[in-house]
């Protein structure tokens, strides 16, 4: 019961998004508008230092990275990077480094049996959340099929994830 | 003849076409811009009537806008005394970011801020969807061109400022 409550409370509070495209992504209202239409987005600001978007999430509404990707692509751009930050209360990543936040599964690359406490930032490593170059780099060092497909493999099911379910890959 | 329903549909269509026409277009009178400068004073576009005005929407976080500033810094002193003015509208939400960029780019033309960013009234009224976006307005306050830069802007200025 307590664990369940803690899991439910584990939620992302903010994110930093890098968008890429043929034109200046920050300079167009398209991404800004698309992001603000997402139910879990509270506010979006241009962050000049990192030439990225600072997103603040609405408390109590589940954050869906795929929805962010769809919004960016719908606006005619691509996600070049996404870092999501959340507050955690002794969340153990387990031997396989797979956890569930809300309805989404997250697999930590190169991290297992770690206890997440306080504010932690995840960097998404899935194909749709990196530049082609960055994805090439990570996929050459991490050889797991789900990194390209985004779907859980049979050997991951012992953590509770069902084969074929959406699984995000992150580093911290 | 027409049923009430048909009449209503026609009226709605007419109304919608009027709305579409109320766009920011060449040959139309520029809508008023009344926004605060750094010192809090309101600057009005209408107060610049009689001058050729470049209304320039930008922000400190917009890379291409900052590059465009470089070009304008060279061009502005050449035409300023001939009756040319630039009114720059910043979409910055942070006054400090705006002022820092103004200083860094060494811009000396009129600067106002529309603090709501993309949601602000002026930006919406002018239907700005991306920055930099600029409008060239003639001495009578009529929109004559959009997004002119460099040689094209100079050419237009020479025509509009010549007697």
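Each reported figure results from applying straightforward, stated rules to the coordinates on display, with no laboratory input. Please read these numbers as outputs of a predicted model, since none were measured by experiment. In this analysis, Cβ positions are derived from the backbone assuming ideal geometry, glycine residues included, and neighbour counts consider all displayed protein chains.
Numbers for the structure displayed
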| read-out | value |
| --- | --- |
| Prolate/oblate/rounded call for the protein assembly as shown, Cα gyration tensor, a/c under 1.5 rounded | prolate |
| Nitroxide proxy distance, nm - points 7 Å out along Cα→Cβ at residue B:80 and residue B:32 | 2.8 nm |
| Nearest 10 degrees, 0 to 90: helix A:65-74 Cα axis against chain A principal axis | 20 degrees |
| Inter-probe distance in nm under a simple model that places probes 7 Å from Cα toward Cβ, at residue B:139 and residue A:113 | 8.3 nm |
| Inter-site label distance for residue A:22 and residue A:158 at 7 Å from Cα along Cβ, in nm | 5.0 nm |
| Global geometry of chain B, whether rounded, prolate or oblate, following the gyration tensor of its Cα atoms and the 1.5 cut on a/c | prolate |
| Most mobile listed residue (A:123, A:131, A:141) in chain A, GNM with C-alpha springs under 10 Å | A:141 |
| Ranked list, fewest to most other Cβ atoms within 10 Å of each Cβ, for A:12, A:129 | A:12, A:129 |
| Mean-position separation - Cα centroids, the stretch A:154-172 and the stretch A:47-85, in angstrom | 22 Å |
| Burial ordering of B:92, A:70, fewest other beta-carbon atoms within 10 Å first | A:70, B:92 |
| Which of B:134, B:90, A:139 has the fewest Cβ neighbours within 10 Å, and the rest in rising order | A:139, B:134, B:90 |
| Within chain A, helix-based [θ] at 222 nm, where runs of 4 or more DSSP H residues each add -39,500 (n - 2.57), nearest 500 | -6000 deg cm²/dmol |
| Centroid-to-centroid separation of the stretch B:31-69 and the stretch A:99-152 [C-alpha atoms, Å] | 45 Å |
| Net lengthening on full extension, residue A:92/residue A:141 (0.36 nm per residue, minus Cα-Cα) | 15.2 nm |
| Estimated 222 nm signal from helices in chain B, with DSSP H stretches of n ≥ 4 weighted -39500 (n - 2.57), rounded to 500 | -12000 deg cm²/dmol |
| The stretch A:2-171: radius of gyration over Cα atoms, expressed as a fraction of 2.2 N^0.38 Å | 1.02 |
